[in-house]
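The structure under discussion appears below in the form of structure tokens.
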Amino acid sequence: MKKKIIRWQQTIIVFIASLILAPLVACSAPAVEKNQSIVTVSKKKGIVKKASGHQQPVWPNNGIAQREFYGNQMFVEQTKTDMRAWIISEYARWPEWNKKDIKKKKGEVLDFFSGKTDIVYPGYTDDGHSLSEFKTLKGVPHYSGDIPRPIKDDYYPLYDFINVGLRNNLENLDFDSGVKSPFRSQGLQSTCPLRLSAVLGLPIGMMRNDDFNDPNDQRKKAVWRKVVLYHEPPSQGCPSGRWESDIITALSLGDGTFLAVTHRYVYRLTFSDLSPVGSAPALNVLDVEFIEEALEKALIGIDPKAVVDQQDFLTKALKLVPSKAPKMVRGAK
């Protein structure tokens with residue numbers, strides 16, 4: 001009888017303690033924002049399964065941030081079982097620009113994370129403009145499909161894509177800026193003049209097109225100014241090769257990184273400071289101030305008009321290592 005009474009007393013004590021401690025436990029638990037996803041990672045190809053809210057991508061961590069590929073259009077294809085970041089090369093269209101059967105011309109695609117390429121039919125509108133889609137030679141279509149909106153921004157799609165010539169901002173990045181060259185005011189005496197483009201890192205949520213009235217405001221507001229620099233091999237007029245910095249198109253991967261298509265490479269970079277997410281042996285990411293100061297210092301006592309090979313001058317002033325890669329014809333390597 002005494003044992004039964006003791007058991008009942010223990011049960012009552014535990015019940016009362018649970019009533020007291022429950023609110024305290026709830027308060028100490030991490031809060032989940034309204035639109036934040038509670039996710040579990042699938043073992044199949046890095047797909048994220050959402051429990052609530054928006055779906056979040058988890059891309060393969062393969063340690064590769066550079067692919068050699070002459071591309072243009074990009075998009076993310078997302079299915080129930082897979083996610084791929086595609087880059088389309090339209091190398092076949094340029095010699096055939098005036099042909100009416102442009103939709104029958106072949107191109108090439110790169111799956112960035114696997115590195116695999118394939119010959120395909122790129123997508124075009126009726127008037128010949130490029131689309132972010134393609135069909136395999138067997139007619140299987142690949143396109144972005146229905147992409148969910150991001151957590152903190154309901155205006156731009158999660159996998160936002162831009163052609164820098166048509167729109168110059170992607171999230172907090174502004175691609176519409178240049179680097180001051182000490183040679184420009186002297187006239188283009190060089191057969192291979194130096195022209196560098198910069199990327200501005202703006203405060204989060206501040207887009208240049210929406211928030212700046214003065215064209216110079218972006219420099220005042222920028223957190224940093226950097227140059228994505230890579231080397232092209234020697235060619236006619238450029239005996240020492242050429243340093244390029246243009247980003248042609250860019251695609252947000254929805255995880256704080258983006259793909260940047262240049263004239264030779266596709267890079268995976270971070271939005272925070274343009275650092276590569278893995279190995280990128282051909283890439284140099286340099287501060288604009290460092291480049292301008294190094295050139296100014298190297299020109300002390302030298303007439304800028306006397307510098308014939310401006311590319312070689314930059315190489316020596318910044319102590320860069322030119323690429324030994326062969327001239328690229330088309331597609332991936």
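The values are calculated or read from the model by the stated rules, or taken from the named source; none is laboratory data. Predicted, not measured: the structure shown is a model, and the values here were computed from it. Here Cβ is always computed from backbone atoms with ideal geometry, including for glycine, and neighbour counts include all displayed protein chains.
Observations on the structure shown:
- GLY71 vs. criteria more than 29 Å from ALA280 (Cβ to Cβ) and at pLDDT 80 or above: no
- Residue count for segment 222-257, restricted to those that are closer than 15 Å to ASN172 by Cα and either polar (S, T, N, Q) or touching a Leu at 6+ places or on another chain (Cβ under 6 Å) (or both): 8
- Checked against (1) over 21 Å from VAL140 (Cβ atoms); (2) of a type in the set (Lys, Arg); (3) modelled with pLDDT of 60 or more, LYS116 meets all criteria but (1).
- On the stretch given as segment 113-139, residues that are touching a helix residue (DSSP H, G or I) at 6+ places or on another chain (Cβ under 7 Å) and in contact (Cβ under 8 Å) with a residue 40 or more places away in the chain total 0.
- Checking the stated criteria, THR257 turns out not to satisfy the condition of being more than 20 Å from VAL179 (Cβ to Cβ), surrounded by fewer than 16 Cβ atoms within 10 Å (Cβ to Cβ) and at pLDDT 95 or above.
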